[in-house]
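Participant: Let me begin by handing over the structure; questions about it come next.
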2 protein chains.
Amino acid sequence: MNIIPVTKDLSLKRTIDQGTADQRQAVSEILQSVRSNGDEAVRQYTKQFDHVDLQDTLVTEAELEAAYASVTEDMLAIIREAIENIQDFHQRQVQQTWMTTKEDGTILGQKVTTLDAAGVYVPGGRAAYPSSILMNVIPAQVAGVKRIVMTSPPQQDGKLSDIVLVTAHELGVEEIHKIGGAQAIGALAYGTETMKPVDKIVGPGNIFVALAKQLVFGTVDIDMIAGPSEVAVLADETGNPSYIAADMLSQAEHDPMSSAVLVTDDRTLAEAVSREVTEQLQTLPKKEIAEASINDFGAIYLAESFEEAIDAINELAAEHLEIHAAHPWDVLPKIRHAGAIFLGEYSSEPVGDYFAGPNHVLPTNGTARFSSPLNVEDFTKKSSIISYSKQALEANGKKIAAFARLEDLEAHARAVEKRLEADNG
Amino acid sequence: MNIIPVTKDLSLKRTIDQGTADQRQAVSEILQSVRSNGDEAVRQYTKQFDHVDLQDTLVTEAELEAAYASVTEDMLAIIREAIENIQDFHQRQVQQTWMTTKEDGTILGQKVTTLDAAGVYVPGGRAAYPSSILMNVIPAQVAGVKRIVMTSPPQQDGKLSDIVLVTAHELGVEEIHKIGGAQAIGALAYGTETMKPVDKIVGPGNIFVALAKQLVFGTVDIDMIAGPSEVAVLADETGNPSYIAADMLSQAEHDPMSSAVLVTDDRTLAEAVSREVTEQLQTLPKKEIAEASINDFGAIYLAESFEEAIDAINELAAEHLEIHAAHPWDVLPKIRHAGAIFLGEYSSEPVGDYFAGPNHVLPTNGTARFSSPLNVEDFTKKSSIISYSKQALEANGKKIAAFARLEDLEAHARAVEKRLEADNG
């Protein structure tokens, strides 16, 4: 890898695939058709795109049980421990309804309510990561969402992969439909004869799924459209080049569009990481993908000081940030923008992908400047509470009416004054 | 008003104006031009659309001071009290960074950080409500956003309206640009020579502003695109028909597309409210607007029981909900979906528009099913914190590597195992 000075524009921003006009048109038609024709439309698209004709899309108890045959007890134990860790972390995000009272009888507050129903999209094929199911379902469950619907495209045998079924079953997800693509998003958003609509759709998918989610946004809520994965490493001279290179490559193996970047003020470390990346790359099964990612979106930036390196890290606003420094906790307060922050050399990024507890659905493409990891709060919403007593309205009613008239809203003023008149009468 | 039974589909959903293809094309070109040509493009569009040629768009201290001449001391005092109330409420929304530790040395947490910069769009002309400035700026300030940029289209005299300037100055907003429309959104999102870009844009605007916000979403964050205003009133036989009608009309005067709905289980009340609406309507200055709203989007629903009425209210998921009942607090726990909930007959909806403290930027068009009022949290974001000790990685590293291999991500597994090898070596 080339070692280059920290430059003015460090942005990781890559163009997110917005689809072609043809793709957008096709997705729009699919959604319209599912909205009008429900299950029958979904069935036709499943025949067309997934090459299976399913009378009934709901996964049966028998399918769930059969899936367990191919998952070892050891793996099951690991999945269960991961579930516990992720639940434990997310339970700490639960927000409370609160209230404040005044002696004049005013009560103001904020009521937290759970969404009624959430849909989780699970991609088919190799992209069906069990960790993705955990990370999308658990926050919804911890929030208290009563109805969780999972959809995933059927394999050619008309089933879902064993690991998807086992993971869903371990979580207690009961409503699993073997449908995928834009037609699944349409079914989740508008409902069909056999599936009631949901209020929010989360989970990754291909370009058709992403476009469909954008189009149904407003009818339902959606999570963010994720870009390719990223890691930025901030390191001082104490950084271990072998660990840093391995972590950069673990990000690079995801996708040729993934990005792995090191920012350091130590030239010796920069050179050592560069050598390690080249060396470790050679034996990776996904060498081709990782190499493309490193060549096109990887970089080693050399800063003139550690402070400059921190500034660059904030400019990058990366999805994953690793801090390899003598005193990582001294650095933390200076980090303004990052999806997840990994401190110290034992906090390898994969620790957060499956197991530690925090969510792995994180803001990409610089959006950590204004976005957060997927969160229990994403499955709740708030309502303001306003209760004015007679005394409070008498004390403030004239002011409120005056403000309304300042905005030329006479009916607003009268609505308040009507109560004041009544009290005087 | 007609009194009709509660029906299956109560949805308030109205079609939100998505703009014509020509409008979308025009907005896309404006954004592109501002992105490429910066201030000069903004200046040309301001000449074209606002009919003024401004060399310098920044509001001066002299303009701010001059604006005070037209605002009375009384009105200023009311605005200042409203600011205090709104600040007080929003301060209670501030979230804390938290952390959890385990004895094996693991530290996990969630760090709350403020957005660096926020843009607040203020519409021109009659739509320049001072309350809207308060409600959009104060949450950002309470969150701790250091840089707040306000933009608003200039009047024909090249200035902003006095009340906009006074309100902004009272809040301490210093960077106010006299630019509007899609060109203002472009400047906020991409920056120009004289304006650095922001991270989030909030505030209402016309169709060009709404389309521009949709197009820059992703580059920056935006608030929701608001639909026409709504109120739903839930009332039992103790409801005061005169108050209820006045509150419904205060919503109806906003816009012919606004919606005011009563749901009650008491026929006598339903009939009385219907009469009151007709009567009070006659003397309203905005009679024409309110009448159109009541005719097209108003309704009085008669339920067979109070429980059925509550179900209907949850189905509506209205922006504003008023509860006029003998025991409104007994009803509150049953309300699942509403932007703001007003309890009791003295809690007229206009109380919440300017003065009480909660935000008046609320989810419309049924989106209260999954969205919240504008909130301090909207101007912050979270980063996950993950710190694994050597001991924690030794205890869990093999499980993490196994999970990585289950997902066919060998480089992930190796990144973790590299640390384990080193420990054994």
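Participant: Please get the size of the charge dipole for chain A, origin at its Cα centre, with Cβ charges of +1 on Lys and Arg and -1 on Asp and Glu, quoted in debye to the nearest 20. Provide the component values of the computation, followed by the final result.
Facilitator: On the way: 35 positive and 63 negative charges, 372 e Å.
Here the size comes out at about 1780 debye.
Participant: Could I get the Rg over Rh figure for the protein assembly as shown? Both from C-alpha atoms, Rh via Kirkwood, rounded to two places. Write down the numbers at each step before the final one.
Facilitator: Details: Rg = 28.1 Å, Rh = 28.6 Å.
Using only Cα positions, Rg/Rh for the protein assembly as shown is 0.98.
Participant: Let me ask something additional. Got a sec? Charge dipole of the range A:21-222, +1 on Cβ for Lys and Arg, -1 for Asp and Glu; which of A:171, A:209, A:130 is way out at the positive end?
Facilitator: Ranked along the dipole, the leading option is A:209.
Participant: Given chain A, what percent of its DSSP beta bridges are antiparallel, to the nearest 5? Kindly include the intermediate steps, with their values, before the conclusion.
Facilitator: Working: 13 of 49 bridges.
For chain A, the DSSP antiparallel bridge percentage is about 25.
Participant: Let me ask something else about it. What is the Cα convex hull volume of chain A when expressed per residue in Å³? Don't skip to the answer; put the middle values down first.
Facilitator: Details: hull volume 88.7 nm³, N = 425.
Value for chain A: 209 Å³ per residue.
Participant: Step through the residues of the range A:136-145 one at a time and calculate ³J(HN,Hα) from phi using the Karplus curve (6.51 cos²θ - 1.76 cosθ + 1.60, θ = phi - 60°), rounding each to whole Hz and writing x for Gly and Pro.
Facilitator: Running phi through 6.51 cos²θ - 1.76 cosθ + 1.60 with θ = phi - 60° gives 8, 7, 4, x, 5, 5, 5, 5, x, 4 Hz.
Participant: Taking the Cα centre of the range A:269-408 as origin and charging only Cβ (+1 Lys, Arg; -1 Asp, Glu), how large is the dipole, in debye to the nearest 20? Don't skip to the answer; put the middle values down first.
Facilitator: Details: 12 positive and 22 negative charges, 254 e Å.
Charge dipole, the range A:269-408, about its Cα centre: 1220 debye, nearest 20.
Participant: Dipole magnitude of the range A:17-168 about its Cα centre, charges +1 at Lys/Arg Cβ and -1 at Asp/Glu Cβ only, in debye to the nearest 20?
Facilitator: On the way: 12 positive and 21 negative charges, 109 e Å.
Using Cβ point charges on Lys, Arg, Asp and Glu, the range A:17-168 gives about 520 debye.
Participant: Scan around residue A:233 for amide H atoms under 5 Å from its own, H built in the peptide plane at 1.01 Å from N, and keep only partners 5 or more places away or cross-chain.
Facilitator: A:261, A:262, A:263, A:322
Participant: While we're on this one: Under 5 Å between amide hydrogens, which residues at least 5 positions from residue A:147 or on another chain qualify, with H placed 1.01 Å from N in the peptide plane?
Facilitator: Amide H to amide H, under 5 Å and 5 or more residues apart or across chains, residue A:147 pairs with A:118.
Participant: Measure up A:200/B:382; A:111/B:159; A:213/A:382; A:47/B:382; A:146/A:286; B:102/B:418 against 31 Å on the Cα-Cα distance and list the ones that go over. Display every interim value, and only then the final one.
Facilitator: Numbers: A:200/B:382 21 Å; A:111/B:159 41 Å; A:213/A:382 23 Å; A:47/B:382 42 Å; A:146/A:286 40 Å; B:102/B:418 23 Å.
From the list (A:200/B:382; A:111/B:159; A:213/A:382; A:47/B:382; A:146/A:286; B:102/B:418), the Cα-Cα distance tops 31 Å for A:111/B:159; A:47/B:382; A:146/A:286.
Participant: Between residue B:88 and residue B:278, 0.36 nm times their residue separation minus their Cα-Cα distance comes to what? Intermediate values should be presented prior to the final figure.
Facilitator: Working: separation 190, 0.36 × 190 = 68.40 nm, distance 3.86 nm.
64.5 nm is the gain from fully extending residue B:88 to residue B:278.
Participant: Find out how many positive minus negative residues lie around residue B:131, taking Lys and Arg as positive, Asp and Glu as negative, among other residues whose Cβ is under 10 Å from that of residue B:131.
Facilitator: On the way: positive: none; negative: A:407, B:353.
Result for the neighbourhood of residue B:131: -2.
Participant: Fewest first, what order do B:372, B:258, B:389 take by the number of other Cβ atoms within 10 Å? Could the numbers behind the result be given before it?
Facilitator: Values: B:372 24, B:258 27, B:389 17.
Ordered by Cβ neighbours within 10 Å, fewest first: B:389, B:372, B:258.
Participant: Another question, if that's okay. Going 7 Å from the Cα of residue B:95 toward and past its Cβ, which residues in the range A:211-226 have a backbone nitrogen under 17 Å from where you end up?
Facilitator: What the label zone holds, given the 17 Å backbone N cut-off, is A:222-224.
Participant: I want the antiparallel fraction of DSSP beta bridges within the protein assembly as shown, as a percent rounded to 5. Mind showing how you got there, number by number?
Facilitator: Details: 26 of 104 bridges.
Taking every DSSP beta bridge with both residues in the protein assembly as shown, the antiparallel ones total about 25 percent.
Participant: State, to one decimal in nm, how far the label point of residue B:68 lies from the label point of residue B:56, with both points 7 Å from Cα in the Cβ direction.
Facilitator: Taking the simple label geometry, residue B:68 and residue B:56 are separated by 2.1 nm.
Participant: How much mean residue ellipticity at 222 nm does the protein assembly as shown get from its helices, if each DSSP H run of length 4 or more adds -39500 (n - 2.57) and you divide by all residues, to the nearest 500 deg cm²/dmol? Kindly include the intermediate steps, with their values, before the conclusion.
Facilitator: Working: 30 runs with 370 residues, N = 850.
For the protein assembly as shown, the value works out to -13500 deg cm²/dmol.
Participant: Sticking with this one: Which of B:45, A:121 has the fewest other C-beta atoms within 10 Å, and how do the rest follow up to the most?
Facilitator: With the sparsest Cβ surroundings first, the list reads B:45, A:121.
Participant: For the range A:118-161, state the semi-axes of the equivalent ellipsoid (square roots of 5 times the eigenvalues of the alpha-carbon gyration tensor), sorted largest first and rounded to whole angstrom.
Facilitator: Working: eigenvalues 97, 26, 7 Å².
Its equivalent ellipsoid spans semi-axes of 22, 11, 6 Å.
Participant: A further question on this structure: Rounded to a whole number, what is D in µm²/s for the range A:110-262 from Stokes-Einstein with the Kirkwood radius over alpha-carbon pairs (25 °C, 0.890 mPa s)? Intermediate results must be reported in sequence, preceding the final value.
Facilitator: Numbers: Rh = 17.0 Å.
D, rounded to a whole number, is 144 µm²/s.
Participant: With the calculation restricted to Cα positions, what are the radius of gyration and Dmax of the range B:91-179 in angstrom?
Facilitator: Looking at the range B:91-179, its Cα Rg and Dmax stand at 18.5, 68 Å.
Participant: List the distances, in nm to one decimal, from the label point of residue B:292 to the label points of the same position in every other copy, shortest first, placing each label point 7 Å from Cα along the Cα-to-Cβ direction.
Facilitator: 5.5
Participant: Distance from the Cα centre of the range B:333-410 to that of the range B:140-187, in angstrom?
Facilitator: 29 Å
Participant: Here is a follow-up. Taking Rh as the Kirkwood radius, which is the inverse of the mean 1/r over Cα pairs, what is the Rg/Rh value for the range A:227-370? Working shown, then result.
Facilitator: On the way: Rg = 13.7 Å, Rh = 14.7 Å.
A ratio of 0.93.
Participant: Each residue of the range A:148-158 in turn: what ³J(HN,Hα) in whole Hz from Karplus with 6.51, -1.76, 1.60 and θ = phi - 60°, glycine and Pro shown as x?
Facilitator: Once rounded to whole Hz, the list reads 10, 10, 10, 10, 7, x, x, 6, 5, 8, x.
Participant: Can you give me the long-range amide H partners of residue A:221? Hydrogens built in the peptide plane at 1.01 Å from N, cutoff under 5 Å, separation of 5 or more residues or another chain.
Facilitator: Here the answer is A:200, A:201, since their amide H atoms fall under 5 Å of that of residue A:221.
Participant: Relative contact order of chain A, please, whole-number percent, based on alpha carbon pairs below 8 angstrom and at least 6 residues apart.
Facilitator: Values: 822 pairs, mean separation 90.3, N = 425.
For chain A, the relative contact order is 21 percent.
Participant: Provide the per-residue ³J(HN,Hα) series for the range A:36-44, in order, calculated from phi with Karplus coefficients 6.51, -1.76, 1.60 and θ = phi - 60°, each as a whole number of Hz, with x at glycine and proline positions.
Facilitator: Karplus values, whole Hz, x for Gly and Pro: 7, 10, x, 3, 5, 5, 4, 4, 5.
Participant: Would you work out which of A:372, B:69, A:46 lies farthest towards the positive end of the dipole of the protein assembly as shown? Charges go on Cβ: Lys and Arg +1, Asp and Glu -1.
Facilitator: The residue sitting most towards the positive pole is A:46.
Participant: Can you pull the semi-axes for the range B:21-222, root of five times each eigenvalue of the Cα gyration tensor, sorted largest first, whole Å? Intermediate results must be reported in sequence, preceding the final value.
Facilitator: Numbers: eigenvalues 197, 120, 35 Å².
They are 31, 25, 13 Å, listed from largest to smallest.
Participant: How would B:301, A:68, A:388 line up from fewest to most surrounding beta-carbon atoms within 10 angstrom? All intermediate terms of the calculation are to be shown ahead of the outcome.
Facilitator: Numbers: B:301 23, A:68 14, A:388 31.
With the fewest neighbours first, B:301, A:68, A:388 line up as A:68, B:301, A:388.
Participant: What is the sum of charges around residue B:117, taking Lys and Arg as +1, Asp and Glu as -1, for the other residues whose C-beta is under 9 Å from the C-beta of residue B:117?
Facilitator: Numbers: positive: B:146, B:147, B:196, B:200; negative: B:116, B:199.
Taking every Cβ under 9 Å from that of residue B:117, the sum is +2.
Participant: As I understand it, the dipole of the protein assembly as shown uses +1 on the Cβ of Lys and Arg and -1 on the Cβ of Asp and Glu, about the Cα centre. Which of A:20, A:249, A:387 lies farthest toward its positive end?
Facilitator: It is A:20.
Every read-out reported here was derived from the displayed coordinates using simple, explicitly stated rules and does not represent laboratory data. These figures come from a predicted structure and were not determined experimentally. When we count neighbours, we look across all protein chains shown, and the Cβ atoms used for this are built from the backbone with ideal geometry, even at glycine.
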